[in-house]
Each structure stands twice: as structure tokens, then as C-alpha cells.
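Only one structure is covered here, and it is reproduced in the block below.
Values in this text are rule-based calculations from the coordinates and carry no lab data. In this text, all values refer to a predicted model and were calculated from it rather than measured experimentally. No Cβ is skipped: glycine too gets one built from the backbone with ideal geometry, and neighbour counts run over all protein chains shown.
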Amino acid sequence: MTQANNDLPTADAPMGTADAAGRRASLASAFLRFLPPESVICAPEELRPYETDGLSAFRRVPLVVVLPDTIEQVQRVLAICREQQVPVVARGAGTGLSGGAMPLDNGVLLGLAKFNRILDIDPVRRIARVQPGVRNLAISEAASPHGLYYAPDPSSQIACTIGGNVAENSGGVHCLKYGLTVHNVLELKMVTIDGELLTFGGECLDAPGYDLLALMSGSEGMLGVIVEVTVKLLPRPEVAILQMAAFDDIANAGAAVGGIIAAGIIPAGLEMMDELAIRCTEDFAHCGYPVGAAAILLCELDGTQEEVDEQMQRVRAVMESSGATSVHIAADEAERQRLWKGRKSAFPATGRLAPDYYCMDGTIPRKRLPEVLQRMSEMSAQYSLPVANVFHAGDGNLHPLILFDSNRPGEWKKTEEFGARILELCVEVGGTITGEHGVGVEKINQMCVQFQPLELAQFHAVKAAFDGDGLLNPGKAVPTLQRCAEYGAMHVHHADAPWPDLERF
Amino acid sequence: MELRDISADLAQVVEQASAERQPLVVVGGGTKGFYGRRVDGTALSVSGHRGITNYEATELVLSARAGTPLVEIESALAEHGQMLPFEPPRFGPTATLGGALACGLSGPARPYRGAARDFVLGTRVLNGRGESLRFGGEVMKNVAGYDVSRLMVGALGTLGIVLEASLKVLPRPAAEITLVRDEDPDAALTTMNALGGKPYPLTASAYDGERLYLRFSGARAAVDAAAARVGGERLSDADDWWRSVRDHTHPFFTGDAPLWRLSLPATAPLAEREGIGFVEWGGAQRWLRGERAAEAMWHQAQTVGGHATLYRGGDRTAGVFQPLPEAMAAIHRRLKRAFDPHGICNAHRLYAEW
């Protein structure tokens, strides 16, 4: 990915070098009073690996990285940050795609990698209690001997951690049927910026007072630091089958999705890929996709044998009547896994076509798909940047992948602008700028397009109820009104001269 | 069906009440006035703000104004073979969408399909200053901004007034069967929890102290197969029976004796000393009748990791919800102020202090 560096919002202007060194030393000595030396990182060369998350276009070197391994240590870290009025950013595996865990150069990076223990798997109560640094997939693996699993499965599930999943309210390919992270978490333990340990939710199905469990989900580390998560485990479905249908017109594939749902069927997964994405993925994963098709749909049905048998016939009929040029049912579990492997490797596969790719994450009302694809393809021509599309079709979540070369001067800027236009198009058709990757630093300007000033002011008031000094992940997720005013002014400029930079490339 | 948008009038009333520090009591269909603490203030009716504003069956999304009666929404959904998956209780024919969300109540399918908050995609709300704000949207996945829409669910109107909401809806199952079996209390609880861990299409469970009721929903063949494997007598008027549980017209719930609701971990042992009462949600929701000391109920629920609510009847001037630990209470106070700085929206309905 690109190395380009961007002008980013931070709570304060970056400090001078002398100030930074002084503050770094004073913070480190405060942390070293209760953390072992290997858990306090402040040598510049050792800080480098922490300068970015999964959105590597955005980089900052933090003042100090701390790696506590007990809740009490997290409480003390936060109390010190509060006392010294130093911003603090929490980080799990650093796989996030919106820069939510990008450090601040005047702040502390609180790494939760050492919180990697599964505390309890209870097959009777069907819950898993885990530390936030446990990987998503590790929960399902640990539950598997009991015939249970944890449903949300973001594509990065092999690496991403449950704490980050909660912070971003992550989805995955199965969320139309099984819900997002918010639907699958029962209890959270969170440390506030005051160093206080709070519990939200519980093992029962609701809690007294406000639904703070829901508020925490997707709050991007702005309200507190998650130190323990209890999730719901589901029984593994008796059977799962996967159908793949090919189409020579992407609009027909869209119609098939509507037809399946109109038939009263909620597939466990319903994914669409366009021609370019199919081609790249097949080259990369050799999974048996029909190269040359305008679109494919992958439709997974799960449940009891009887349920799946009945639905499979109806889905096939819908695919055929919507104009599918072929419908193929995975012959066995190995083929089902292979077909999914293609979809799950779509990002890196597409990335082989160009030195860099930039993944977008808008959601649209599904019926607007043909129009959105058409306009994206026009923009693609305007910016001279190819786009491959993978799409959580069941729930309208688009992942356009813009292909570019960061070594070409100005190309990242152009890519970023193209991405911004795609997100603004999603808002225009009644959708949202982010379905599951979060706002982070990446989409902070588009928040100004999605929300009105009074709504942003209400978000700031919510944050202030938890973090009055604005020390937790400042500058992320919710833009200041001033920033939006500036972005609005820039937009007027764009309207005058749509692509002012183009002649430079 | 009547379609009316009175949001501008409502905003003006709230803005003025805010300026005059005049507390408002939000009223929809007037069917859940019994729930929460008794409060005083000027009644503000939102029932005139009604109508379904958007329904896309193939997008699985319905949006409606808060005053829209649930019956109207459910009949529109039924025309397309769809439903509100959380089965909101209807304590009268006038119950509205706004009331269902403000109270955050869910019916028998709750443990299997999800709660009211799980299906809320977006809202338009009036905060305590009378500002009209939109959060979330009409799409399934949306993580832009804090999830204020879900926060509104169950807040009893204390953070503002829901004007309009967008919900995820689901297809109605093709077939449904309810099985009834005689079980003793411990066996009933064990069965409910064991079935919850198996891939059966279970969508409701209840125990009345003698009989265990299990509902299975899905494709015809799937439901028949599950029924054959699980075993039990088929209940003939099952829809009516589950409705009576949902809407509290079942004999257990009628009469004037105070009704307590216990929300507990599903496997928490049944406390024989208190009587079995009525058990739902695979063991996670339990009902008891009669005068009981609130402190003792809260203590008992907390001991097993749950909470208790004086749901209906009894002394409604005291606390009816489980008291919050101080650190949580402080966050609640600050959130209340963030949305309703002058404390005019359903003040004291949730907790006495604010």
C-alpha cells in the first residue's frame, strides 16, 4: 500500500521535537513505575512498526507505545494519560482499514496484544468470555469441539481481534442472517479515561438503564478502552451449501438478489463480484470462477437438511429466471471452501493487478446498485483508475477496490479523491459512507456530507459524557464543525473546477 | 391509512418546553403508561405523527413515523409475507411503533431472532432542545457515527422523542409448530438450554410451571423433522397462545397483583422459594406475581448476574428498575444532560433522580 502522508486532524498541533522528547521521557518514566521495560516502547526505531494500522496511507509515530497485560495496568495507563492530558489511542491487531488505530504523534498508543487469552468457553450457556486481543477466528476454533461458533466473520478474521471488532462493529459475509458484532456481544468490560472499570450488558438478554452495550459497539475507541468481551456462541448449522451463479449482466445479478429475498429466503451469505474482481481472483486463487462473466453471485444456505434442500431448489429457480447463464452447486465441502476462499482473497488478488489498491466501504439500498455501478464506472474513466467490485449483496455493502500506483506522483491524492466521490455517491442514493470498516481518519470529511452540524454536535456531546477532555482517540470518527466548514468550502471549489489536478499526471 | 407529518409542530412544542423548563410526558397509543415510574408533566401526544413512509420488501426495510400503530405496520408487512422479527408486545390495539421502541420490549422470539434494538437501522429524533436529528439510515450495515438509534431503544423517551424509525424486517416462516410437554421445572430449564445449543429452528420457548412450550419455525419439512426429533404434543391454537403470552392476556398475567420481571442468565437455577412463576426466552426472562420487597428482588437478581423490574402495578413512585452502580449512574446522568440538558423529556420515568 501507499506510503503517502496526509494532513490529518489531531487534537493539538504536533509538538516541537524538544517538547516531544521531554514529554516522551516523562511519560515513559511514569509507565515504568508499574510496567516492565519490555512493555514500554519509546525508542524511535521500535516505535516504527506501530505507526500505522491496516490503512497504511496514514502514518504517525506515537510518543510512547505501552503494552499492558492486566486490567489494572490499563487503568493506571489511562489515569496517567488523563492526569498529564495526553491523548491515547487503543490498538488491537492493527488490521483496521480506516485508520482508527493510527497513533497520534503527541499521544500514547495503548496496545492490547497481550490480552490474548480465552477466559471461558461455556457450551451450556453458549458463551465465550475472552480478552480483547483474542483473534476473531480463535473464538470459533475454541468453540468448535462443542458444535458451536462465533458468527461474525470479517474477511480478516484470521488476524483481527475481538476488541477491534467491537470498536468497529465489524460485519462479514454472514451478517445478513447472523447479524453484526453488536448483535453477537453480550457483555463488555471497559476502562474509562478516568481509569474506572465498567461493565456493560451481561449474561442476560438486556440490562437496566440505557443500552450502552449498543452505544459502545462501533464507537471506534472514542468512549473507553475495551478490556474484556463476552460473546454469544451459536450452534453450527447442520448443513451449509453454496451455489454459484454467473450472469452476463450485473443488473440481472442484482435482480436475482432481490428475487431470493422476495421468495422469503435469507441466505447465510450472498456475495457478488464483478468482472474484474472475478478475473483477478481466479488468476490468484484458481477457485473455479467463470472468467468472462459480468458478475457472479455466491449464495450460501444453511440450516437443517430439510430447510436447505427446500430453499436450494427455490434459489436455483430464482437465479435461472433472473437470467443466470449458469448455476453451479458446490459438490462437496472442499469445493465450498474453495469457492469461499476466492471471495475472501479478493482484496489481495485484485491488488496483484496494480502496485496498490484502496478499498472503499459504502452501503447503498440494493435497488440502486445498477445506477451506482454505472456512475462508478464513469468516475473510473474520468480518474483513469480501474475499479474492481466485491459486494456483500445481501445487505448492500459495497467494497469497490481502486487500483493505483503510489509511486506515480499525485496518484494517491487522485485515488483518495475518487474514493471520497464514491462515498458521497453512496450518501446521495440514501446509503452510508461506511458499512463495516469505520470512519477512523479516512472518512472524516465524508461525515460532514452524511451528517448535519446539529447531529455532529450531538455526537460530540455523547463523547463528552464519557471523555470530557477529549483524550480518547481524538480527531477520529467525528469531525469538528470547523473541519466540516472548511471541507464544505473546498467542495464549492471543486464544483468550479471538477478535476483541478488532472493535468499534473 | 392516515398519513400525517406533524414533526414541525412537535419540534416547536419541545423547543418551547425546553425554553420554559416545562417537563413533557410523551404519549403514543397510551397502552404502556403503566411501565416505568409514574411521572408528572404536560402530555405531548405523538400519535398524530403517523404513517409508513417507506417500505421496500425486497430490501427488508420499513420506515414509519412514531405514531404509526403496530397493527398497521404488521398488516402492511403481512401483505408481503414479512414480519417484525422481535414480536413487540401490544398491550392494546392502539400501541405504536414509537412506544414499542421507547420501551424497548420484545416478544417470545427475542432469544432466537433478536431484540427491538437489534432491528433498528435508523431513527429521526427530537432531542430535549427540540432539535430534529437523524441517525443511522435505511441500510443494513452502517457504522458512521455513534449508534444513537439503538441507544434510544428502551430509553423510555428520556433522551428525546423518536419521530421516525427504520427497521430491518424478515420473511415470515412458511410453517410453524408448537410442541407441548409436561416437564418438572429443572428439566424444563435444562431442555430449553440444551435445545438452544442445537441447530433446531427453535423460535420461542416458555414454561408455565407444568408444561413446556416450544415453537419451531421454518420450511414445512424442517419444522416437521424438528418436531419428530424433539417430541411432544402439537398445540392447535398456537398463534393465539403465543400472542397471549406476548400481550399478557394469558391468565398468568391478568389481575391486579404486581408483576415482576426478572432478566437472568438463561441457566440460572429456578428459585423455588419465590415460586416458579412463568418462564420465557429459554430461561432468560422470568415473571413473578405478588407484593415483593423491591430491595430483595434486586439483590436476588444481582446475585445470579441479572436484574429485576417491577413491570406492572405496585408502588410506581419509588424505583421500579434495578438501581445502577454509581459509576454507571454517573454516565447515565451525563448522557441524559447531553441529550436533554433541561430535563424536560419524560423526566424521572426511568430513575427517580433524573
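Do you know the relative contact order of chain B, to the nearest whole percent, from alpha carbon pairs under 8 angstrom that are 6+ apart?
Relative contact order here is 19 percent.
Given a 10 angstrom Cα cut-off, can you work out which residue in B:LEU60, B:LEU259, B:LEU335 is the most mobile in a GNM of chain B?
It is B:LEU335.
With a Cα-only, solvent-free Debye model of the protein assembly as shown, what are the log10 I(q)/I(0) values at q = 0.10 Å⁻¹?
These q points yield log10 I(q)/I(0) values of -1.14.
Quick one: Karplus J couplings for segment A:234-240, per residue in order, coefficients 6.51, -1.76, 1.60, θ = phi - 60°, nearest Hz, x for Gly and Pro?
Each residue of segment A:234-240 in turn: 10, x, 4, x, 4, 9, 9 Hz.
Any idea what % of Cα-Cα pairs in segment B:7-171 are farther than 24 Å?
29 percent
Which loop-located GluC sites (Glu not before Pro) does segment B:227-300 contain, where loop means any DSSP state but H, G, I, E or B and the Cβ has at most 16 other Cβ atoms within 10 Å?
Details: sites: B:GLU233, B:GLU272, B:GLU274, B:GLU280, B:GLU291, B:GLU295; in loops: B:GLU291.
Filter output for segment B:227-300: B:GLU291.
Using only the alpha carbons, work out the radius of gyration and Dmax of segment A:283-379 in angstrom.
16.0, 47
Over segment A:228-302, calculate the relative contact order: mean separation of alpha carbon pairs under 8 Å at least 6 apart, over the residue count, as a percent. Intermediate results must be reported in sequence, preceding the final value.
Working: 99 pairs, mean separation 34.9, N = 75.
Computed over segment A:228-302, the figure is 47 percent.
Measure nothing fancy, just the Cα-based angle from helix A:71-84's long axis to the longest principal axis of chain A, in degrees from 0 to 90, nearest 10.
Helix A:71-84 sits at roughly 60 degrees to that axis.
Could I have the simple spin-label model distance between A:ALA113 and B:ARG229, label points 7 Å from Cα toward Cβ, reported in nm to one decimal?
Each label point lies 7 Å from its Cα, and together they span 4.4 nm.
With a point put 7 Å past each Cα toward its Cβ, work out how far B:ALA194 is from A:HIS328 in nm, to one decimal.
Reported label-point gap for B:ALA194 and A:HIS328 is 4.4 nm.
Distance between Cα centroids, segment B:80-98 to segment B:142-170: provide it in whole Å.
16 Å
Charges only on Cβ, +1 for Lys and Arg, -1 for Asp and Glu: so what's the dipole of chain B about the Cα centre, in debye to the nearest 20? Walk me through the numbers on the way to the answer.
On the way: 39 positive and 40 negative charges, 140 e Å.
Value, rounded to 20: 680 debye.
Put +1 on the Cβ of every Lys and Arg and -1 on every Asp and Glu Cβ in chain B; which of B:VAL13, B:ALA301, B:ALA284 then has its Cα farthest towards the positive end of the dipole?
In chain B, that residue is B:VAL13.
DSSP loop GluC sites (Glu not before Pro) in segment A:220-273 with at most 13 other Cβ atoms within 10 Å of their Cβ, which ones?
Passing sites in segment A:220-273 do not exist.
Taking a ≥ b ≥ c as the square roots of the Cα gyration tensor eigenvalues, with a/c under 1.5 meaning rounded and otherwise prolate when a/b beats b/c, else oblate, which class fits segment A:330-432?
oblate
Plugging the Kirkwood radius over Cα pairs into Stokes-Einstein for segment B:82-228, at a temperature of 25 °C and a viscosity of 0.890 mPa s, what D comes out in µm²/s?
143 µm²/s
Label-point separation (nm) for B:ALA327 and B:ALA293, each offset 7 Å from Cα along Cα-to-Cβ?
Label-label distance for B:ALA327 and B:ALA293, simple model: 2.9 nm.
Where does the Debye-calculated log10 I(q)/I(0) of segment B:173-254 sit at q = 0.13, 0.22 Å⁻¹, using only Cα point scatterers of equal weight, no solvent?
-0.38, -1.08
Between segment A:383-398 and segment B:277-318, how far is it from one alpha carbon centroid to the other, in angstrom?
So the two Cα centres are separated by 49 Å.
What is the distance in Å between the Cα centroid of segment B:1-42 and that of segment A:234-251?
Taking the Cα centre of each part, segment B:1-42 and segment A:234-251 sit 47 Å apart.
Efficiency by 1/(1 + (r/R0)^6): what FRET value for A:GLU428 and B:ALA8, r their Cβ-Cβ distance, R0 = 30 Å, to the nearest 0.05?
The calculated FRET efficiency here is 0.75.
Where the only charges are on Cβ atoms (+1 Lys, Arg; -1 Asp, Glu), what is the dipole of segment B:1-122 about its Cα centre, to the nearest 20 debye? Working shown, then result.
Numbers: 11 positive and 13 negative charges, 110 e Å.
The calculated dipole for segment B:1-122 is roughly 520 debye.
Where does the Debye-calculated log10 I(q)/I(0) of segment A:406-486 sit at q = 0.25 Å⁻¹, using only Cα point scatterers of equal weight, no solvent?
Rounded to two decimals, the profile gives -1.26.
Strictly under 4.7 angstrom between C-beta atoms: which cysteines of chain A have no such partner?
If one checks each Cβ against the other cysteines of chain A, A:CYS42, A:CYS81, A:CYS160, A:CYS175, A:CYS204, A:CYS280, A:CYS287, A:CYS299, A:CYS359, A:CYS426 turn up with nothing under 4.7 Å.
Among B:ALA95, B:ALA301, B:ALA19, whose mean-square fluctuation peaks in a Gaussian network model of chain B (Cα, cutoff 10 Å)?
Fluctuation is largest for B:ALA19.
Using Cα-Cα distances under 8 Å and only pairs 6 or more residues apart, what relative contact order does chain A have, in percent?
It comes to 14 percent, rounded to a whole number.
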